[in-house]
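A short worksheet on the structure shown next.
The values are calculated or read from the model by the stated rules, or taken from the named source; none is laboratory data. Quick caveat: nothing in here was measured; it's all calculated off a predicted structure. Cβ: placed from backbone, ideal geometry, glycine included. Neighbour counts: every protein chain shown. Surface accessibility is based on the protein's heavy atoms, side chains included, excluding ligands, DNA and RNA. Shrake-Rupley method; radii C 1.70, N 1.55, O 1.52, S 1.80 Å.
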Amino acid sequence: MTFVYPGSFDPVTNGHLDIINRASKICDKLIVLVSVNISKTPVFSVEERIKMLELAIGKRDNVEIASFSGLLVDFMKKVNAKTIIKGLRAVSDFESEMQMALLNRNLDNDIDTLFMMTSIQNSFLSSSAVRELAKFGGKIDDLVPEQIVDIIVSKLRK
Ligand code: PNS
């Protein structure tokens, strides 16, 4: 079974990587999908976000990275996948995630969203917090994969 893990990944954090590690153990193939969230203006380009995901994930037999700028359900159809994977950090994530899951199912009744709880140490972590810390010289080494620390810092401290 193919799972799709969509997100902005602006940039990928240890929280995302935790979900990628967990989800890839319970599916045949996991597609990590850099998608467009129209309520956010990304700091990193799609190419930069894909590059950081490649560095963070490394070569794995059952994990692929892709990007798509349309509706998630249309991408799901294109790759013949029925399951969306999302990470939940806190109760505060629940309302918007439930809305997205129900809207996606309303568009395609065959598609379901599975939620995985992030690890305790990542429950406070977000891409926006990483960007803010990096911009003002805060330490991000323990929040994102070490391979991408310099890319984030050099982009944001300009
Ligand atoms: O990491 P994010 O920003 O919380 O991810 C949100 C994302 C990109 C998964 C969501 O905005 C999305 O699925 N965008 C694709 C367009 C789409 O299908 N929108 C309808 C979902 S309700």
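Residues are listed down the side, and each one gets a yes or a no for (1) of a type in the set (Lys, Arg); (2) over 23 Å from ALA129 (Cα atoms); (3) within 11 Å of the ligand (Cβ to nearest atom):
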residue	(1), (2), (3)
PRO6	no, no, yes
GLY15	no, no, yes
ILE65	no, yes, no
LEU71	no, yes, yes
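Can you list the helices (runs of 4 or more DSSP H) lying wholly within segment 84-158 that have 2 or more residues being closer than 18 Å to ILE57 by Cβ, touching a Ser or Thr at 6+ places or on another chain (Cβ under 9 Å) and open to solvent by less than 50 Å² (accessible area, probe 1.4 Å)? Lay out the reasoning, then the answer.
On the way: elements: 91-107, 127-135, 149-156.
Counting at least 2 such residues, we get 127-135.
Restrict the check to segment 123-134 and report whether at least one residue is within 17 Å of the chain's Cα centre (by Cα), hydroxyl-bearing (Ser, Thr, Tyr) and more than 13 Å from the ligand (Cβ to nearest atom). Before you say what the answer is, go through the steps one by one.
To start, the set of residues in segment 123-134 that are within 17 Å of the chain's Cα centre (by Cα) comprises 123-131.
Applying the additional criterion that residues be hydroxyl-bearing (Ser, Thr, Tyr) yields 123, 126-128.
From what is left, the residues that are more than 13 Å from the ligand (Cβ to nearest atom) are 123.
Looking for residues that are within 17 Å of the chain's Cα centre (by Cα), hydroxyl-bearing (Ser, Thr, Tyr) and more than 13 Å from the ligand (Cβ to nearest atom), one finds at least one in segment 123-134, hence yes.
Suppose the filter is free of Cβ contacts under 8 Å to residues at least 12 places away in the same chain and open to solvent by 20 Å² or more (accessible area, probe 1.4 Å); does SER8 pass it?
On the way: free of Cβ contacts under 8 Å to residues at least 12 places away in the same chain: no; open to solvent by 20 Å² or more (accessible area, probe 1.4 Å): yes.
The answer is no for SER8.
Identify, please: which residue in segment 73-83 is among the charged types (D, E, K, R) and within 13 Å of the ligand (Cβ to nearest atom) and is, among those, surrounded by the most Cβ atoms within 10 Å (Cβ to Cβ)? Quick ask: steps written out before the conclusion?
We begin by selecting, within segment 73-83, every residue among the charged types (D, E, K, R); these are 74, 77-78, 82.
If we keep only those that are within 13 Å of the ligand (Cβ to nearest atom) too, we end up with 74, 77-78.
On the way: ASP74: 11, LYS77: 14, LYS78: 11.
Ranking the qualifying residues of segment 73-83, first place goes to LYS77.
For VAL36, all conditions in the list (1) touching a strand residue (DSSP E or B) at 6+ places or on another chain (Cβ under 9 Å); (2) within 11 Å of the ligand (Cβ to nearest atom); (3) modelled with pLDDT of 95 or more hold save one; what is the number of the exception?
(3)
Quick grid of which residues meet (1) open to solvent by less than 20 Å² (accessible area, probe 1.4 Å); (2) more than 22 Å from VAL144 (Cβ to Cβ); (3) out of contact with any Leu (no Cβ under 7 Å at 6 or more places or on another chain):
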| site | (1), (2), (3) |
| --- | --- |
| ASN14 | no, no, no |
| LEU17 | no, no, yes |
| CYS27 | yes, yes, yes |
| VAL36 | no, no, yes |
| PHE44 | yes, no, yes |
| GLU47 | no, no, yes |
| LEU55 | no, no, yes |
| ASN62 | no, yes, no |
| SER69 | no, yes, yes |
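How many residues does segment 33-49 hold that are free of Cβ contacts under 8 Å to residues at least 24 places away in the same chain, among the β-branched types (Val, Ile, Thr) and either more than 16 Å from THR13 (Cα to Cα) or not in a helix (DSSP H, G or I) (or both)?
From segment 33-49, those free of Cβ contacts under 8 Å to residues at least 24 places away in the same chain are 38-39, 41, 45-47; that's our starting set.
Pick out the ones that are also among the β-branched types (Val, Ile, Thr) and you get 38, 41, 46.
Of the ones still in play, those that are also either more than 16 Å from THR13 (Cα to Cα) or not in a helix (DSSP H, G or I) (or both) are 38, 41.
Going through segment 33-49 one residue at a time, the tally reaches 2.
Being among the charged types (D, E, K, R) and within 21 Å of ARG157 (Cα to Cα) is the filter here, so list the residues in segment 37-62 that pass it. Reasoning before the result, please.
Residues of segment 37-62 that are among the charged types (D, E, K, R), as a first pass: 40, 47-49, 51, 54, 59-61.
Selection gives LYS40, GLU47, GLU48, ARG49, LYS51.
Is it fair to say ASN21 is within 21 Å of VAL153 (Cα to Cα), under 16 Å from the mean Cα position of the chain (by Cα) and away from the ligand (no atom under 14 Å from the Cβ)?
Details: within 21 Å of VAL153 (Cα to Cα): no; under 16 Å from the mean Cα position of the chain (by Cα): yes; away from the ligand (no atom under 14 Å from the Cβ): yes.
Judged against the criteria, ASN21 is not a match.
For segment 97-122, which positions are among the small types (Gly, Ala, Ser) and either more than 14 Å from the ligand (Cβ to nearest atom) or at pLDDT below 95 (or both)?
Filtering segment 97-122 for residues among the small types (Gly, Ala, Ser) gives 101, 119.
Scanning segment 97-122 gives a single hit, SER119.
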